[in-house]
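Contents: one structure, followed by commentary.
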Amino acid sequence: MAGIAACRPMERDQRHTSHARSAVVAFAREQRLPESFEVGFFDWYAGAVAHFAKRVEASNGALLVGVSGCQGSGKSTLAKAMAEVATSAYGVPAIALSLDDFYLTRAARRILAERVHPLFGTRGVPGTHDLELLAETLGQLAECHDGVALPAFDKARDDRTGMVHWRQVGAPVRLIFLEGWCVGIPPQAEAELDQPVNEIEAEWDPDQVWRREVNRQLAGGYSALFETLDALLFLRAPSFNAVFEWRWEQERKLSDALRAARRDAVDTTMSREQVADFVLHYQRLTEHALSTLAKRSDVVWALQRDRSVRQMQMMAVAA
């Protein structure tokens, strides 16, 4: 990433203003995050925000920054924090978008499951997103001078919400953080698809129809989308084994939020066993990302099991 090497954590006192610190503190309190988030943000992530704010000043249009990481890695929270700091501290209109909010509706995935393969009924893998809606939304955010409606996906219901519930935001924005578990992942070589990686593939995809279609989707519309990224940031998990515990923690938080919203609400979240089965759908590409994405990313934060950063690596590109 051009110029970001000058924004190293140990130089933070020279880089960040009191406005940036105040923005992070306010965000952490609003999201009920631990104090360690504030410290970690300034130690490892704030320099990237300063860098992108500077790039926006030198650009004519909007910057699209991908934030990639496996389920539960903290990418959604990080993207939101970066957008908040860019807006509040640097005066750059910024927003965080989640690839998850662009999942196909349950009805559309049901049709896909019937026509292509039953495993496409489960959201998550390439092929289960509405890329046309995403492209339309990105264009509106960058070009419109009016309100833009942002799609939302209800994971508890496993379906997209109605348009009446979509959030309206002002446009144009100059900095868009697009976060998602498969953002930036390249397609696999055909030979890599031959052997199943877990029991889901062995039992439900013995003819390789599902994983080859996922790979075809990844090589098509998804690769075209990722080529439009101005930068790619990668939160690298220590291993795939960490994914289950992180994803299970997410599910429990979702369940708690449902009960907090309505005491009589029916808990439609997944059980621990269901989460264990669910993450197997992501195993192939998650492991592929862990082995390939670092070389394709502008910044890589190597995470430990508690999500704290162990190491940061930056692409060596001249400013």
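Values as computed for the structure displayed
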{"read-out": "Residues of region 107-121 classified as in contact (Cβ under 8 Å) with a residue 24 or more places away in the chain and touching a Lys or Arg at 6+ places or on another chain (Cβ under 8 Å), total", "value": "1"}
{"read-out": "Test: residue in region 177-196 that is within 30 Å of Y90 (Cβ to Cβ), among the aliphatic types (A, V, I, L, M) and not in a loop (DSSP other than H, G, I, E, B)", "value": "yes"}
{"read-out": "Which listed residue, of S68, S73, S88, is assigned to a strand (DSSP E or B), within 30 Å of A302 (Cβ to Cβ) and of a type in the set (S, T, Y)", "value": "S68"}
{"read-out": "Options L178, L119, L131: the member that is surrounded by 18 or more Cβ atoms within 10 Å (Cβ to Cβ) and in contact with a His (Cβ under 9 Å, 6 or more places away or on another chain)", "value": "L119"}
{"read-out": "Cβ-Cβ under 7 Å pairs, at least 6 apart or on other chains, region 253-282 side assigned to a helix (DSSP H, G or I), far side modelled with pLDDT of 70 or more and basic (K, R)", "value": "L254/K155; V275/R247; V279/R247"}
{"read-out": "Y90 over 24 Å from R160 (Cα atoms), touching a His at 6+ places or on another chain (Cβ under 9 Å), of a type outside the set (G, A, S) and touching a residue at least 40 places away in the same chain (Cβ under 8 Å)", "value": "yes"}
{"read-out": "Residue that is nearest to L225 (Cα to Cα) [pool: residues in region 145-175 that are crowded, with 21+ Cβ neighbours inside 10 Å and among the basic types (K, R)]", "value": "R174"}
{"read-out": "Yes/no for P186 being surrounded by fewer than 19 Cβ atoms within 10 Å (Cβ to Cβ), touching a helix residue (DSSP H, G or I) at 6+ places or on another chain (Cβ under 8 Å) and under 30 Å from F240 (Cα atoms)", "value": "yes"}
{"read-out": "Complete set of residues in region 58-108 that are under 23 Å from G40 (Cβ atoms), more than 18 Å from the chain's Cα centre (by Cα) and of a type in the set (S, T, Y)", "value": "T87, S88, Y90"}
{"read-out": "Residue list for region 197-221, filter: outside any helix (DSSP H, G or I) and among the β-branched types (V, I, T)", "value": "V197"}
{"read-out": "Search result, residues across region 109-144 that are farther than 22 Å from E201 by Cα, in a helix (DSSP H, G or I) and not charged (D, E, K, R)", "value": "L131, L133, L134, A135, T137, L138, G139, Q140, L141, A142"}
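The values are calculated or read from the model by the stated rules, or taken from the named source; none is laboratory data. Keep in mind that what you see is a predicted model, and the values were worked out from it rather than measured. Here the Cβ is made from the backbone with ideal geometry for all residues, glycine too, and neighbour counts use every protein chain on show.
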